[in-house]
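Reviewing the structure listed below.
The values are calculated or read from the model by the stated rules, or taken from the named source; none is laboratory data. Note that the structure is predicted; figures quoted are calculated from it, not measured. Ideal geometry is used to build each Cβ from the backbone, glycine not excepted, and the neighbour counts take in all protein chains shown. Keep in mind that these areas ignore ligands, DNA and RNA; they rest on the heavy atoms of the full protein, side chains included. Shrake-Rupley method; radii C 1.70, N 1.55, O 1.52, S 1.80 Å.
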Amino acid sequence: MSTTESFGGDASTRPPKDVLVEIYRKMTLLKQNDERFRSIIQSGRIIGNYYSARGQEAIPSAVSCLLNQDDYVCTIYRGIHDSLAKGVPMKQLWAELAGRATGTCKGKGGPMHITHPASGVMVTTGIVGSSMPIANGLALASKMRGDGRISVAYFGDGASNIGAFHEALNLASIWKLPVVFVCQNNRYGEHTKYEYATAIDQIAKRSASYTMPGIHVDGNDPVAMYAAAKEAVDRARGGGGPTLIEAMTFRFHGHLLGDMDQYMDPGEKDGWMKKDPVPAYRRWLVAESYATEAELDAIEKQIQADVEEASSFALSSPYPDVAELRKDVFAQEIAE
Ligand SMILES: Cc1ncc(C[n+]2csc(CCOP(=O)(O)OP(=O)(O)O)c2C)c(N)n1
Ligand SMILES: [Mg+2]
């Protein structure tokens, strides 16, 4: 059967059907979760900044299908997709987004600081470039313990111009750390175009300076993304050291919710939105007979119910008590 979408190239390199469908399930979860969160913020029921990753679903969905629960992830403020795909329980995630006591960080982290070690999400940071050295530290610990865990550092294209990126790649390379560096290149850092701020046409090429493999991949192609991530994860797990993946994508809602997109080229965003990876991948799965419409409908319906349940749980949870203010801040609780 013919389809307008063509994902992943050669059929012989595709993952099995259950993995292809699981990638779709994750992508749908991220999409629906984002849609619900934006609508709740816009209704005023949650007050907070939101850096939507809508449009970038294929990247963490494919990567996470290759990770174990105890593998580590370090991500950024635009990282709710990454956390959910890794397996942070949705109710706790939502409660954290809403600043409630039942959240992953007892409501004291908020959307920019999700941490949930039980799912392997070790840090979500607002400091551009800082996910990479932290992932190195976790990977070094894994290597010294010999526990087989690997670390994934997610970051943006803008972050690859920060010193910490270069330091982290250098160190990971000389120490052969089990890290996968995943750059989600969405073409902008805040309101600055990639070409204006970056002195090389592909970030993946920067891997050469650190003698590690670099992979430039279409991050909106879930099948190609899976293949790229598999190569890097297998290398890290097998003791072969780090890989830099540059996954090309686009963010549909600007830098921050409320962004007017005035710095973009006319039609640029619309062009990317027309190629929305979630419905495109759905059409491809059906056309290639990996799933039926009814199976995918059922997945979407279940996710809708789960998102509804998680958001209701969050909004009906209590705010943290004032007594919590000084707890979990330093290793030793601050005295009154
Ligand atoms: C060290 C540091 N410098 C500057 C900022 C301000 N800042 C916040 S987001 C951002 C853009 C980062 O762009 P990119 O790495 O491409 O990630 P994206 O937001 O596109 O996902 C900047 C410069 C910051 N938070 N931290
Ligand atoms: Mg960017």
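What pairs come up if the first residue lies in region 235-251 and is open to solvent by 10 Å² or more (accessible area, probe 1.4 Å), the second is away from ligand 1 (no atom under 16 Å from the Cβ), and their beta carbons are under 6 Å apart, counting only those six or more places apart or on different chains?
Listed by first residue and then by second, the contacts come to Arg235/Thr243; Arg237/Ile150; Met248/Asp218.
On the basis of being in contact with a Phe, Trp or Tyr (Cβ under 9 Å, 6 or more places away or on another chain), among the hydrophobic types (A, V, I, L, M, F, W, C) and away from ligand 1 (no atom under 13 Å from the Cβ), does Leu177 make the cut? Break it down stepwise before answering.
Numbers: in contact with a Phe, Trp or Tyr (Cβ under 9 Å, 6 or more places away or on another chain): no; among the hydrophobic types (A, V, I, L, M, F, W, C): yes; away from ligand 1 (no atom under 13 Å from the Cβ): yes.
Answer is no for this residue.
Does region 46-63 hold any residues that are away from ligand 1 (no atom under 11 Å from the Cβ) and either over 15 Å from Met248 (Cβ atoms) or modelled with pLDDT under 95 (or both), and which are they?
Across region 46-63, the qualifying residues are Ile46, Ile47, Gly48, Tyr50, Arg54, Ser61.
Go through (1) within 19 Å of Gly129 (Cα to Cα); (2) open to solvent by 10 Å² or more (accessible area, probe 1.4 Å) one by one and return the number of the condition Cys183 breaks.
For Cys183, the exception is condition (2).
Would you mind finding the one in Ala164, Ala172, Ala224 that is among the aliphatic types (A, V, I, L, M) and either without any contact (Cβ under 8 Å) to a residue 24 or more places away in the chain or within 15 Å of ligand 1 (Cβ to nearest atom) (or both)?
Result of the check over Ala164, Ala172, Ala224: Ala164.
Please go through region 183-221 and pick out each residue that is more than 16 Å from ligand 1 (Cβ to nearest atom) and among the polar types (S, T, N, Q).
Matches in region 183-221: Ser207, Ser209, Thr211.
Check region 139-159 and report whether any residue there is surrounded by 18 or more Cβ atoms within 10 Å (Cβ to Cβ), of a type outside the set (Ser, Thr, Tyr), more than 16 Å from ligand 2 (Cβ to nearest atom) and within 17 Å of the chain's Cα centre (by Cα).
yes
Just give me the residues in region 53-87 being more than 21 Å from Ser39 (Cα to Cα), free of Cβ contacts under 8 Å to residues at least 60 places away in the same chain and part of a loop (DSSP other than H, G, I, E, B), in sequence order.
Answer for region 53-87, where residues must be more than 21 Å from Ser39 (Cα to Cα), free of Cβ contacts under 8 Å to residues at least 60 places away in the same chain and part of a loop (DSSP other than H, G, I, E, B): Gln69, Gly87.
Out of (1) more than 28 Å from Gly189 (Cα to Cα); (2) within 15 Å of ligand 1 (Cβ to nearest atom), the odd one out for Lys91 is which?
(2)
Given the criteria at negative phi, modelled with pLDDT of 95 or more and out of contact with any Gly (no Cβ under 8 Å at 6 or more places or on another chain), does Gly103 qualify?
Judged against the criteria, Gly103 is not a match.
Would you mind stating whether Ile200 is of a type in the set (A, V, I, L, M, F, W, C) and in contact (Cβ under 8 Å) with a residue 12 or more places away in the chain?
Judged against the criteria, Ile200 is not a match.
Output the number of the condition that Gly99 fails; it satisfies all remaining conditions of (1) open to solvent by less than 10 Å² (accessible area, probe 1.4 Å); (2) out of contact with any Ser or Thr (no Cβ under 9 Å at 6 or more places or on another chain).
For Gly99, the exception is condition (1).
Suppose we keep only residues that are of a type in the set (Lys, Arg), open to solvent by less than 60 Å² (accessible area, probe 1.4 Å) and assigned to a helix (DSSP H, G or I) within region 1-35. Which one would you say is nearest to Asp276 (Cα to Cα)? Lay out the reasoning, then the answer.
So in region 1-35, the residues of a type in the set (Lys, Arg) come out as 14, 17, 25-26, 31.
Still in the running and open to solvent by less than 60 Å² (accessible area, probe 1.4 Å): 14, 26, 31.
Adding the requirement that they be assigned to a helix (DSSP H, G or I) leaves 26, 31.
On the way: Lys26: 15, Lys31: 10 Å.
The extreme case among them is Lys31.
If you scan region 285-336, which residues turn out to be hydroxyl-bearing (Ser, Thr, Tyr), open to solvent by less than 60 Å² (accessible area, probe 1.4 Å) and without any contact (Cβ under 8 Å) to a residue 12 or more places away in the chain?
Ser312
Starting from region 127-139, keep only residues that are farther than 12 Å from Gly156 by Cα, then list their pairs with residues that are in a helix (DSSP H, G or I) and more than 16 Å from ligand 2 (Cβ to nearest atom) whose Cβ atoms are within a distance under 6 Å, requiring at least 6 positions of separation or different chains.
Sorted first by the residue in region 127-139, then by its partner, the pairs are Pro133/Ala168; Asn136/Ala168; Asn136/Leu171; Asn136/Ala172.
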